1. Below 23 Å Cα-Cα, how many Lys pairs turn up in the stretch 144-236? Only count pairs eight or more apart in sequence, or on different chains, if you could.
2. With runs of 4+ DSSP H residues as the only contributors, calculate the mean residue ellipticity of the chain at 222 nm using -39,500 (n - 2.57) per run, divided by the residue total and rounded to the nearest 500.
3. Extending each Cα 7 Å along its Cβ direction at Glu357 and Glu290, get the distance between those two points in nm, one decimal.
4. To the nearest 0.05, how large is the calculated FRET efficiency for Arg145 and Ser51 if R₀ is 25 Å and r is the Cβ-Cβ distance?
5. Please report the carbon-and-sulfur percent of the accessible area for the chain; probe 1.4 Å, protein heavy atoms only, DNA, RNA and ligands left out.
6. Work out the P(r) tail for the stretch 1-146: percent of alpha carbon pairs separated by more than 22 Å, whole number.
7. Once the dipole of the chain is set up with Lys and Arg at +1 and Asp and Glu at -1 on Cβ about the Cα centre, which of Thr195, Ala286, Cys255 lies farthest towards its positive end?
8. Who wins for biggest fluctuation among Cys33, Cys255, Cys187 in a Gaussian network model of the chain, springs between alpha carbons below 10 Å?
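The values are calculated or read from the model by the stated rules, or taken from the named source; none is laboratory data. If you're wondering where the values come from, they're calculated on a predicted model, not measured in any experiment. Using ideal geometry, Cβ is built from the backbone for each residue, glycine included, and neighbour counts are taken over all protein chains shown. To get the accessible areas, we keep the full protein, side chains included, count just its heavy atoms, and leave off ligands, DNA and RNA. Shrake-Rupley method; radii C 1.70, N 1.55, O 1.52, S 1.80 Å.
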Amino acid sequence: MTHWFHRNPLKATAPVSFNFYGVATTPAATKICNDLRLSRIRLLELFTDLSCNPEMMKNATDLYFSLLQGFIISVDNSSQESKLRYIQNFKWTDTLQGQVPSAQQDAVFELASMGFNVALWYTKYSSRLAGKEDINEDEAKDVHRSLKIAAGIFKHLKESHIPKLITPVEKGRDLEARLIDSYIIQCQAEAQEVTIARAIELKHNPGLIAALAYETSNFYQKADQTLSSLDATYTGKWRKYLQLKTCFYLAYAYCYHGQTLLASDKCGEAIRSLQESEKFFTKAEALCKEYGETKGPGTTAKPSGHLFFRKLGTLVKNTLEKCQRENGFIYFQKVPPEAPQLELKANYGLVEPVPFEFPPLDAHWTPESLAAFDLTKRPKDESAKPKPEEEVKPLKEPDIKPQKDSGCQIS
């Protein structure tokens, strides 16, 4: 089943040379610096490489982060931080606030910012895969897994690394709790979309599908509410996506709940549930238009023309007509004025983030290699301010649009 997901732009960063002339006093120390520079460049290249897969990304991230850890943690497993933590300035933009960068002379800021981009890459990889016309079962599992990995990375950054930053995170920046929480919840909701599609494909119990759809709608609503106190200039488009998905999955929930009621000979209530489904589908349709018209960071698409959207509209219409026919021939039940209360709880299929940990320290980091960095040799006039030549160029992301799936088959 083809999916469509909104995606914000990747973070961009200034080049980092890791050239500590005079400070790195041995070949071993210089090699660590060179490896850091090259592995960082390689990782940044992979973010926009369409041929990159999760295995390639994991190998590249493990190499860079295991080397970067030497700038953050002690090499002797003590609780002390590395003496190199504040030696290098790092400069990053944000996903929402355009190309306005922020800088910190702190390796933890680099770890959190690059880790954030890695999580974003997993969401973008899953989106590309999920948008294929002919997605198979293994690819669907890959989408599901990638979204859970992304949620796990965001959660780990929020809980274990961002609190260690010396400079507090500014309001509306990527590393702020509200944004991180919204990314986590969105990943969980989108992974559950894959679960729902699978449950529909295998013709699972309508009650289970309704419950999963209701929980997914609640996830999207929670993500939207989390962003509500932030500047709409930056979050407006993203929030339209979350709102349309909230309505879309409420429409799904009422549609399948109606099928459950019809199977229990409650045809009048089933009709009312389907009418509510129709109402939320119409609302989602209007939000699709608003999403397309809203300016702001993120992907450009017309979700109402996408197959996943059109399929639900047809399903709601056909199921409502079926219920009305059955009621006219068999049940003759009154249609309640109030929609049924959805008090649905899914016992299966709910998504939790995959626990994430950064890799251990690279083997090249030893007490001897760390001692070879002589901080007394740093230039006296070195300033924490970013150098003017450290220009932050936006990452050239491939313009990935969902492939048009007509829903037609030639037999």
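1. So the count works out to 8.
2. The per-residue figure over the chain is -18000 deg cm²/dmol.
3. Placing both labels 7 Å beyond Cα along the Cβ direction yields 4.5 nm.
4. 0.85
5. So the carbon and sulfur contribution to the accessible surface is 53 percent.
6. When every Cα pair of the stretch 1-146 is considered, 47 percent fall beyond 22 Å.
7. Ala286
8. Cys33
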